[in-house]
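Shown next, in structure tokens, is the structure this report addresses.
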Amino acid sequence: MDLSELDRDSTGRCRLNSPVPAVCCKEPCALGVDEAGRGPVLGPMVYAICYCPLSRLADLEALKVADSKTLSESERDRLFVKMEEDGDFVGWALDVLSPNLISTSMLGRVKYNLNSLSHDTAIGLVQYALDQGVKVAQVFVDTVGPPETYQEQLQQHFPGIEVTVKAKADALYPVVSAASICAKVARDQAVKNWHFVEDLQGLDADYGSGYPNDPKTKAWLRKHVEPVFGFPQFVRFSWRTAQSILETEAEGVLWEDSPTGDQEGPGRIMSYFSKSPQTLPRLPHRYFQERGLESASTL
């Protein structure tokens, strides 16, 4: 699996895909959607689709695909190679979302939460398969959030396709299990071969599971937080665990235009109707405050 695009730019996203089997453009297909790495504070989140003709679902199941979380790394790698060898009827595509993309989306001025990002990524991959000519007849998705709401959203986007959204779909439908394996293999490879653009002294590759409640992961975060510049791009800095470490381990910043604690704010609403005039500072509109803009007295 070639993740060189992610190595070149680890701040955005990259898409990978197999060749589309000719039979998938002729026969109705089932398509599964799943992800890997949604919860960790470290590394990318990977969404994957896997598809095959309805007439070949038994052949896919015969590969013994299963929920990737129940398989060892070597078993996942072996099954992914097997799916590649069966490329005459099995196709896949991935969307790898970097930690930086996830965090900047969640903390932007217009909030873009992880559920919305996940839903849109899944929709984008299904649409990608359709654009490549795959005759998608059925879609099976491992849910993110309430399955009924998510299924309705997908059904509105793809009215001509039968959509099924279930919790634990990766353990129920082989085509979702296959997508789960593709996603997990890609994430494992991305994490193992992550290209750190930062010059980290004494880089420790043993960061545990990457999940926020793992003591080893927390220790790694504390070791590699830079007091001024924060975390390397490998870290999802929007996660509460990372933010807590920044608050205790990093330097505080006071911007020149930040209001100080003794700055007088607006008074009570009734004060505006009192007879005695009050001199209250008039703060600029939030638009100007957020952009650091102020009135120019001279040119």
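The values are calculated or read from the model by the stated rules, or taken from the named source; none is laboratory data. Computed from a predicted structure; not experimentally measured. Positions of Cβ are backbone-derived with ideal geometry, glycine not excepted, and every protein chain shown enters the neighbour counts. With ligands, DNA and RNA removed, areas are computed over all heavy atoms of the protein, side chains included. Shrake-Rupley method; radii C 1.70, N 1.55, O 1.52, S 1.80 Å.
Give just the number: which of (1) in a strand (DSSP E or B); (2) in contact with an Asp or Glu (Cβ under 9 Å, 6 or more places away or on another chain) does PHE89 not satisfy?
Unmet condition: (1).
Those residues that are touching a residue at least 24 places away in the same chain (Cβ under 8 Å) and within 26 Å of LEU172 (Cβ to Cβ), I need them from the stretch 96-116; list them, please.
The answer is VAL96, LEU97, LEU114, ASN115.
When residues of the stretch 224-242 are filtered for being open to solvent by 80 Å² or more (accessible area, probe 1.4 Å) and at pLDDT 90 or above, how many remain?
Counting residues in the stretch 224-242 that are open to solvent by 80 Å² or more (accessible area, probe 1.4 Å) and at pLDDT 90 or above gives 1.
So that you can scan it fast, the table gives a plain yes or no per residue for (1) free of Cβ contacts under 8 Å to residues at least 12 places away in the same chain; (2) over 27 Å from ASP2 (Cβ atoms); (3) part of a helix (DSSP H, G or I); (4) open to solvent by 30 Å² or more (accessible area, probe 1.4 Å):
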{"residue": "THR164", "(1), (2), (3), (4)": "no, yes, no, no"}
{"residue": "VAL191", "(1), (2), (3), (4)": "no, no, yes, no"}
{"residue": "GLN201", "(1), (2), (3), (4)": "yes, yes, no, yes"}
{"residue": "GLY208", "(1), (2), (3), (4)": "no, yes, no, yes"}
{"residue": "THR217", "(1), (2), (3), (4)": "no, yes, yes, no"}
{"residue": "LEU221", "(1), (2), (3), (4)": "no, yes, yes, no"}
{"residue": "SER244", "(1), (2), (3), (4)": "yes, yes, yes, yes"}
{"residue": "GLY252", "(1), (2), (3), (4)": "yes, yes, no, yes"}
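Looking at (1) without any contact (Cβ under 8 Å) to a residue 60 or more places away in the chain; (2) open to solvent by 70 Å² or more (accessible area, probe 1.4 Å), can you tell me which one GLN132 breaks?
Answer for GLN132: the failing condition is (1).
Quick grid of which residues meet (1) open to solvent by 10 Å² or more (accessible area, probe 1.4 Å); (2) among the acidic types (Asp, Glu); (3) under 16 Å from SER177 (Cβ atoms):
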| residue | (1), (2), (3) |
| --- | --- |
| PRO44 | no, no, no |
| CYS50 | no, no, yes |
| GLU61 | yes, yes, yes |
| ASP88 | yes, yes, no |
| LEU101 | yes, no, no |
| LEU107 | yes, no, no |
| LEU114 | yes, no, no |
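Mind listing whichever residues of the stretch 43-69 are over 14 Å from PHE80 (Cα atoms), aliphatic (A, V, I, L, M) and touching a Leu at 6+ places or on another chain (Cβ under 8 Å)?
Result: MET45, VAL46.
Can you list residue pairs whose Cβ atoms sit under 6 Å apart, with the first residue in the stretch 149-161 being outside any loop (DSSP other than H, G, I, E, B) and the second being at pLDDT below 95? Count only pairs 6 or more apart in sequence or on different chains.
Listed pairs, sorted by first residue: TYR150/THR143.
Taking only the stretch 166-188 into account, find how many residues are closer than 22 Å to TYR211 by Cβ and surrounded by fewer than 17 Cβ atoms within 10 Å (Cβ to Cβ).
Count: 3.
Would you mind telling me which numbered condition in (1) in contact with a Phe, Trp or Tyr (Cβ under 9 Å, 6 or more places away or on another chain); (2) buried (at least 18 other Cβ atoms within 10 Å of the Cβ) PHE196 fails?
Of the numbered conditions (1) in contact with a Phe, Trp or Tyr (Cβ under 9 Å, 6 or more places away or on another chain); (2) buried (at least 18 other Cβ atoms within 10 Å of the Cβ), the odd one out for PHE196 is (2).
Since VAL144 meets every condition but one in (1) under 28 Å from ASP7 (Cβ atoms); (2) in a helix (DSSP H, G or I); (3) in contact (Cβ under 8 Å) with a residue 60 or more places away in the chain, which condition does it not meet?
Of the numbered conditions (1) under 28 Å from ASP7 (Cβ atoms); (2) in a helix (DSSP H, G or I); (3) in contact (Cβ under 8 Å) with a residue 60 or more places away in the chain, the odd one out for VAL144 is (2).
Could you check the stretch 23-64 and list, in sequence order, the residues that are closer than 23 Å to GLY133 by Cβ and among the β-branched types (Val, Ile, Thr)?
Selection gives VAL23, VAL33, ILE49.
Going by what's in this entry, would ALA183 be described as at pLDDT 95 or above, of a type in the set (Gly, Ala, Ser) and under 18 Å from the mean Cα position of the chain (by Cα)?
Yes: the conditions hold for ALA183.
Looking only at the stretch 148-162, which residues are over 21 Å from the mean Cα position of the chain (by Cα) and either open to solvent by 60 Å² or more (accessible area, probe 1.4 Å) or of a type outside the set (A, V, I, L, M, F, W, C) (or both)?
Across the stretch 148-162, the qualifying residues are GLU148, GLU152, GLN155, GLN156, PRO159, GLY160, GLU162.
Quick check, is PHE140 more than 26 Å from ALA66 (Cβ to Cβ) and either surrounded by 15 or more Cβ atoms within 10 Å (Cβ to Cβ) or in contact with a strand residue (DSSP E or B) (Cβ under 6 Å, 6 or more places away or on another chain) (or both)?
no
What are the pairs with Cβ atoms under 6 angstrom where one residue, in the stretch 52-72, is modelled with pLDDT under 90 and the other, located anywhere, is surrounded by fewer than 17 Cβ atoms within 10 Å (Cβ to Cβ)? Sequence gap at least six, or different chains.
Filtered contacts from the stretch 52-72: LEU63/LYS82; ASP67/ALA171.
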